[in-house]
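The values are calculated or read from the model by the stated rules, or taken from the named source; none is laboratory data. If you're wondering where the values come from, they're calculated on a predicted model, not measured in any experiment. Note: ideal-geometry Cβ built from the backbone for every residue, glycine included; neighbour counts use all protein chains shown. Surface areas here come from the heavy atoms of the whole protein model, side chains and all, with no ligands, DNA or RNA. Shrake-Rupley method; radii C 1.70, N 1.55, O 1.52, S 1.80 Å.
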Amino acid sequence: MIKKILIAPFIFLVRFYQVVISPLTPATCRYTPTCSHYTLQALKKHGLFKGGWLAIKRIFSCHPWGGSGYDPVP
């Protein structure tokens, strides 16, 4: 219960990004699932701290010299 309360604002922010901001930008994500979907899955599966850390690592690896391809939430 507390986990859901803690991650709710972050899930709202990611969903806002997916619905409002993402359609206005070109699709350039190098990973499957996309970084925003990965973040939602990581937060729901691992909670705020570990899931947030996984999401931050994934977002920072999303650059031309980073990885690409299928990268599921561990």
Discussion item. With free of Cβ contacts under 8 Å to residues at least 24 places away in the same chain and in contact with a helix residue (DSSP H, G or I) (Cβ under 6 Å, 6 or more places away or on another chain) as the only criterion, which of Ser22, Ser36 stands out?
Written reply: Ser36
Worksheet item: Picking from Trp53, Trp65, which residue would you name as being open to solvent by 90 Å² or more (accessible area, probe 1.4 Å) and assigned to a loop (DSSP other than H, G, I, E, B)?
Response: Trp65
Fill in: Tabulated pairs, region 42-60, first more than 8 Å from Ile7 (Cβ to Cβ), second among the charged types (D, E, K, R) and open to solvent by less than 100 Å² (accessible area, probe 1.4 Å), C-beta under 9 angstrom, 6+ apart or interchain
Ala42/Arg58; Arg58/Asp71
Practice prompt. Say whether the condition of being in contact with a Cys (Cβ under 7 Å, 6 or more places away or on another chain) and either at pLDDT 90 or above or not aromatic (Phe, Trp, Tyr) (or both) is met by at least one residue in region 41-60.
Written response: yes
Practice prompt. Only residues that are part of a loop (DSSP other than H, G, I, E, B) and of a type outside the set (S, T, N, Q): list them for region 11-50, please.
Written response: Pro26, Ala27, Cys29, Arg30, Pro33
Worksheet item: Do we have Lys4 as out of contact with any Gly (no Cβ under 9 Å at 6 or more places or on another chain), at pLDDT 90 or above, open to solvent by 90 Å² or more (accessible area, probe 1.4 Å) and not aromatic (Phe, Trp, Tyr) here?
Response: no
